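Report on the following structure.
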Amino acid sequence: MIRGSHYGGYGGKKRRGKEKMLERVKAVRNRVATELGLEAGVLCGRTTLEAVVRARPLDRAALERIPELRRWQVEVLGDALLEAMR
């Protein structure tokens with residue numbers, strides 16, 4: 001991982017776990033974007049996905065408390081993101 005990234009400072013095992021989780025939520029975002037005919041980054045950018053992974057939400061209420069995530073994104077992606085986080 002590049003030094004200075006959002007996951008800098010985490011230990012090796014923890015960082016790899018966060019990176020794997022990020023890959024899972026990116027895959028979900030990409031699938032939903034394709035279904036909607038949108039570019040993935042338009043639906044939800046990487047920094048927003050990183051915020052979701054850092055927050056580790058367990059339910060929709062927790063998703064709604066993530067400042068980077070807009071209400072419409074919770075509506076469109078919420079269930080799929082939560083499933084990917086399990």
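The values are calculated or read from the model by the stated rules, or taken from the named source; none is laboratory data. This is a predicted model, so every value here is computed, not measured. Because the Cβ atoms are built from the backbone with ideal geometry, glycine has one as well, and the counts that use them run over all protein chains shown.
Below is a table of values for the structure above.
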{"item": "In region 1-38, the residues that are within 21 Å of Ala55 (Cβ to Cβ), of a type in the set (S, T, N, Q) and modelled with pLDDT of 95 or more", "result": "Asn30"}
{"item": "Any hit, region 53-66, residues being free of Cβ contacts under 8 Å to residues at least 24 places away in the same chain, more than 14 Å from Met21 (Cβ to Cβ) and within 12 Å of the chain's Cα centre (by Cα)", "result": "yes"}
{"item": "Hey, Leu36 loosely packed, with under 14 Cβ neighbours inside 10 Å and touching a residue at least 40 places away in the same chain (Cβ under 8 Å) or not", "result": "yes"}
